[in-house]
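K.L.:
Just passing along the structure, written as structure tokens.
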Amino acid sequence: MSVPALPIVHSVADLRAAVKAWRQSGERVALTPTMGALHDGHLSLVAQGRAQAERVVATIFVNPTQFGPNEDFDAYPRGLEADAALLAGAGCDLLYAPSVGEMYPPGFATSVRVTGLTEVLCGAARPGHFDGVAQVVTKLLLQAGTDLAIFGEKDWQQLTVIRRLVADLNIDCAILGAPILRESDGLAMSSRNRYLSPAERAAAPALYASLRQAAEEIAARAAIDEVLARAREQILSAGFSSIDYLEARSADHLTLVTELDPATPTRLFAAAHLGRARLIDNISIPR
Ligand code: PAF
């Protein structure tokens, strides 16, 4: 049976009208913001939306303000038609795909900065990145006015930043995290995996394998600095060219953890370069 085409809106006015009509008739609405180049990880956000609400709205917007000058904004994979077909098949009800002009019209002058959580990890390696994420997510949540919004846990720091800004700015939208989806060899699904050559793709699972081993050793009370030094060696010898960070941090506040404390949920966070791709991943340390 063929899936009916997904309705697509491009303006804030049309998005608001659709969400308002659903909510007025008593339906809960979930939002799944994305930058397109969809994979099963994104579709799992839609599935979670379906489980939590009667209606699911996806957004596709490659947000220029979260890319640095030498990053992959121009190269970022785009394919609205293929993405819309995937979303329709996953049970999404509406796609919001605004233009840059709709999101940032002439005269746009407002920034959103979340301090304390954004200076470390990806924020240290990608200055300004989280200002762009905070700005666009604030806008998307306020534009859509949905009951809830779902973000992937692969970008754990992003999820933490979004939870903070939603609390601080009293945005009336519940924020839910969705577990990381992995390929069968453990590689976390990511739109940027498309940048990997076959040889790099074969090397890529070493990132998660090293994180898993490190998490187990730390849980068994090995010294965190020694474990992480060994994990770095493993990642580099698998073929990664450099590591932006490999750290243990508290899950809620992202403060550095040098000794395991059973009272503090702790995760390992990594970002490393492999060919053209910068891969990120994170894992909980069992307590
Ligand atoms: O995670 C992403 O795809 C993006 O950072 C988001 C949340 C859609 C904002 O542009």
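The values are calculated or read from the model by the stated rules, or taken from the named source; none is laboratory data. Just so we're clear, the structure is a prediction, and the values are computed from it rather than from any experiment. Cβ: placed from backbone, ideal geometry, glycine included. Neighbour counts: every protein chain shown. We work out accessible area using only protein heavy atoms, side chains counted, and drop any ligands, DNA or RNA first. Shrake-Rupley method; radii C 1.70, N 1.55, O 1.52, S 1.80 Å.
K.L.:
Looking at (1) hydrophobic (A, V, I, L, M, F, W, C); (2) under 21 Å from the mean Cα position of the chain (by Cα); (3) more than 16 Å from the ligand (Cβ to nearest atom), find the lone condition where Ala18 falls short.
P.N.:
(2)
K.L.:
Scan the stretch 63-86 and tell me whether some residue there is farther than 25 Å from Val100 by Cβ, more than 15 Å from the ligand (Cβ to nearest atom) and open to solvent by 60 Å² or more (accessible area, probe 1.4 Å).
P.N.:
Among the residues of the stretch 63-86, not one is farther than 25 Å from Val100 by Cβ, more than 15 Å from the ligand (Cβ to nearest atom) and open to solvent by 60 Å² or more (accessible area, probe 1.4 Å), which makes the answer no.
K.L.:
Does Gly26 meet the test of being on the phi > 0 side of the Ramachandran plot and either over 15 Å from the mean Cα position of the chain (by Cα) or among the β-branched types (Val, Ile, Thr) (or both)?
P.N.:
Against the criterion (on the phi > 0 side of the Ramachandran plot and either over 15 Å from the mean Cα position of the chain (by Cα) or among the β-branched types (Val, Ile, Thr) (or both)), Gly26 qualifies.
K.L.:
Consider Asp131 against the criteria (1) touching a helix residue (DSSP H, G or I) at 6+ places or on another chain (Cβ under 7 Å); (2) on the phi < 0 side of the Ramachandran plot: it satisfies all of them except one. Which criterion is unmet?
P.N.:
Going through (1) touching a helix residue (DSSP H, G or I) at 6+ places or on another chain (Cβ under 7 Å); (2) on the phi < 0 side of the Ramachandran plot one by one, Asp131 breaks only (1).
K.L.:
Would you confirm whether any residue within the stretch 93-106 is in contact (Cβ under 8 Å) with a residue 60 or more places away in the chain, farther than 20 Å from Gly41 by Cα and surrounded by 16 or more Cβ atoms within 10 Å (Cβ to Cβ)? Can you show your working first?
P.N.:
Taking the stretch 93-106 first, the residues in contact (Cβ under 8 Å) with a residue 60 or more places away in the chain are 93-99, 102.
From what is left, the residues that are farther than 20 Å from Gly41 by Cα are 98-99, 102.
Restricting the remaining residues to those that are surrounded by 16 or more Cβ atoms within 10 Å (Cβ to Cβ) gives 98, 102.
Within the stretch 93-106, one or more residues are in contact (Cβ under 8 Å) with a residue 60 or more places away in the chain, farther than 20 Å from Gly41 by Cα and surrounded by 16 or more Cβ atoms within 10 Å (Cβ to Cβ).
K.L.:
Next question, about the same structure. Determine the pairs where a residue that is more than 15 Å from Glu200 (Cβ to Cβ), located within the stretch 176-188, has a partner that is open to solvent by 60 Å² or more (accessible area, probe 1.4 Å) and outside any strand (DSSP E or B) with Cβ atoms under 6 Å apart, the partner being 6 or more residues away or on another chain.
P.N.:
Correct list of pairs: Leu181/Asp40.
K.L.:
If you go through the stretch 47-56 one residue at a time, do you hit one that is within 13 Å of the ligand (Cβ to nearest atom) and under 16 Å from the mean Cα position of the chain (by Cα)?
P.N.:
No: the stretch 47-56 contains no residue that is within 13 Å of the ligand (Cβ to nearest atom) and under 16 Å from the mean Cα position of the chain (by Cα).
K.L.:
Within the stretch 136-158, which residues are assigned to a helix (DSSP H, G or I), more than 9 Å from the ligand (Cβ to nearest atom) and open to solvent by less than 30 Å² (accessible area, probe 1.4 Å)?
P.N.:
Within the stretch 136-158, Thr138, Leu141, Gln143, Ala144, Gln157 qualify.
K.L.:
Is it the case, given these coordinates, that Leu141 is within 28 Å of Ala17 (Cα to Cα) and over 14 Å from the mean Cα position of the chain (by Cα)?
P.N.:
Yes.
K.L.:
Could you check the stretch 221-242 and list, in sequence order, the residues that are within 24 Å of Pro265 (Cα to Cα) and either open to solvent by 80 Å² or more (accessible area, probe 1.4 Å) or touching a helix residue (DSSP H, G or I) at 6+ places or on another chain (Cβ under 7 Å) (or both)?
P.N.:
Start the filter on the stretch 221-242 by keeping residues that are within 24 Å of Pro265 (Cα to Cα), which leaves 221-232.
Within the stretch 221-242, Arg221, Ile224, Asp225, Glu226, Val227, Leu228, Arg230, Ala231, Arg232 meet the criteria.
K.L.:
So, in the stretch 168-211, how many residues would count as being open to solvent by less than 60 Å² (accessible area, probe 1.4 Å), over 20 Å from Ala37 (Cβ atoms) and assigned to a loop (DSSP other than H, G, I, E, B)?
P.N.:
The qualifying residues number 4.
K.L.:
Taking interchain pairs and intrachain pairs at least six residues apart, which have beta carbon atoms under 8 angstrom, with the first residue in the stretch 197-222 and closer than 10 Å to Gly239 by Cα and the second among the polar types (S, T, N, Q) and assigned to a helix (DSSP H, G or I)?
P.N.:
What qualifies is Ala204/Asn193; Ala206/Gln234.
K.L.:
Give me the residue from the stretch 84-119 that is in contact with a helix residue (DSSP H, G or I) (Cβ under 8 Å, 6 or more places away or on another chain), among the hydrophobic types (A, V, I, L, M, F, W, C) and part of a loop (DSSP other than H, G, I, E, B) and, out of that set, nearest to Gln157 (Cα to Cα).
P.N.:
Leu117
K.L.:
Can I ask one more? Of all residues being out of contact with any Ser or Thr (no Cβ under 7 Å at 6 or more places or on another chain) and in a strand (DSSP E or B) in the stretch 11-62, which is surrounded by the fewest Cβ atoms within 10 Å (Cβ to Cβ)? Just the residue, please.
P.N.:
The residue in question is Arg55.
K.L.:
Go through the residues of the stretch 109-129 one by one and say whether even a single one is out of contact with any His (no Cβ under 8 Å at 6 or more places or on another chain), over 29 Å from His253 (Cβ atoms) and among the small types (Gly, Ala, Ser).
P.N.:
yes
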